[in-house]
Amino acid sequence: MIDSSITHLRPRFRVEVNARSQELIEAFSQALDSKHPGLEGLIKGQHIILDIAHDRRHYWSPQLNMRVENHPQEEQKSIVAGLIGPRPNVWTLFMFIYFSIGTLGFIIGSIGVSRALLGTYSPLLWAFPIAILFMLSAFLTSKKGERMAKDQTEELKEFVRGVINR
């Protein structure tokens with residue numbers, strides 16, 4: 001049903017469900033209220049955000065964002081589509097880190113290459129390998145965080161499976 005690999009940075013899913021979208025949204029609302037004290041959720045129209053409860057949340061805790069839409073051809077079906085990933089502040093931080101390191105490494109490295117092409121040795125050439133090392137460090141850190149969030153990610157997926165398969 002919702003089978004996505006934990007190795008993806010932000011696993012996406014899309015599932016057809018044999019229930020109307022409003023029924024499904026109501027089922028999610030009831031499940032959040034009664035069945036699962038370890039999760040928090042926010043439902044706005046057709047958009048649902050599931051999060052780990054505040055007292056169990058850590059920096060790497062995942063968040064599940066999904067939307068429930070009417071099926072375009074069949075009235076009795078709906079489509080649940082979403083993604084599981086880090087909370088927006090974590091995602092934004094890592095994208096900023098990747099962008100900053102990449103941009104800085106490219107600019108400084110390009111200056112070093114220009115000087116080298118003019119026949120002058122420049123230590124700025126080291127910007128490329130240093131930038132790659134920093135990016136690799138950030139990537140490995142994010143992978144470690146992903147592993148730390150694996151159990152909570154499975155918990156979110158199981159919750160959604162339980163509501164959809166009711």
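Bear in mind that the values in this text are calculations on the coordinates, not laboratory data. These figures come from a predicted structure and were not determined experimentally. Cβ placement follows ideal geometry from the backbone for every residue including glycine, while neighbour counts extend to all protein chains displayed.
Taking the Cα centre of the chain as the origin, how large is its charge dipole in debye, to the nearest 20, when only Lys and Arg (+1) and Asp and Glu (-1) carry charge on their Cβ atoms?
Magnitude of the dipole: close to 560 debye.
Please list, by residue number, everything in the stretch 80-104 whose backbone N is under 19 Å from a paramagnetic label point 7 Å out along Cα→Cβ of residue 15.
Label zone hits: 80-86.
With an 8 Å cut-off on Cα pairs and a minimum separation of 6 or more residues, tell me the relative contact order of the stretch 80-143 in percent. Write down the numbers at each step before the final one.
On the way: 38 pairs, mean separation 21.3, N = 64.
Once normalised by length, the contact order is 33 percent.
For residue 139 and residue 89 in one chain, what is 0.36 nm times their gap in residues minus the Cα-Cα distance, to one decimal in nm?
Here the answer is 16.4 nm.
Sort 15, 160 so that the residue with the fewest other Cβ atoms within 10 Å of its own Cβ comes first and the one with the most comes last.
Lowest count first: 15, 160.
Roughly how many Å is it from the Cα centre of the stretch 26-71 to that of the stretch 119-145, as a whole number?
Taking the Cα centre of each part, the stretch 26-71 and the stretch 119-145 sit 38 Å apart.
Which values of log₁₀ I(q)/I(0), to two decimal places, follow from the Debye formula for the stretch 17-73 at q = 0.14 Å⁻¹ with a uniform point scatterer at every Cα?
-0.42
Kirkwood Rh over alpha-carbon pairs of the stretch 61-108, then Stokes-Einstein at 37 °C and 0.692 mPa s: what D in µm² s⁻¹, rounded to an integer?
Value of D from the Cα-based Kirkwood radius: 241 µm²/s.
Counting each DSSP H run of 4 or more residues in the chain as -39500 (n - 2.57), what helix-only mean residue ellipticity at 222 nm follows after dividing by all residues, to the nearest 500 deg cm²/dmol?
Theoretical 222 nm ellipticity from helices: -17000 deg cm²/dmol.
Over the stretch 91-143, consider all pairs of different Cα atoms and compute the Kirkwood hydrodynamic radius from their mean reciprocal separation; express it in Å, one decimal.
11.6
Pick out the long, greasy-scoring helices in the chain: whole DSSP H runs spanning 30 Å or more along their own axis by Cα, mean Kyte-Doolittle at least -1.0.
Qualifying helices, which must be both long enough and hydrophobic enough, are 88-117, 127-148.
How high is the FRET efficiency from residue 56 to residue 116, r the C-beta distance, R0 45 Å, rounded to 0.05?
Once the sixth-power term is evaluated, E becomes 0.30.
Compute the Rg/Rh shape ratio of the chain: radius of gyration over Kirkwood radius, all on alpha-carbon atoms.
Ratio value, two decimals: 1.18.
What do you get for GluC sites (Glu not before Pro) in the stretch 42-107 restricted to DSSP loop and a cutoff of at most 12 other Cβ within 10 Å of the site's Cβ?
Answer in residue order: 74, 75.
Do any chymotrypsin sites (Phe, Trp or Tyr not before Pro) in the stretch 87-166 lie in a loop, going by DSSP, with at most 15 other beta-carbon atoms within 10 Å of their beta carbon, and if so which?
The qualifying sites are 121.
Could you give the length gained by full extension between residue 30 and residue 107, i.e. 0.36 nm per residue of separation minus their alpha carbon distance, to one decimal place?
Working: separation 77, 0.36 × 77 = 27.72 nm, distance 5.32 nm.
Computed gain between residue 30 and residue 107 is 22.4 nm.
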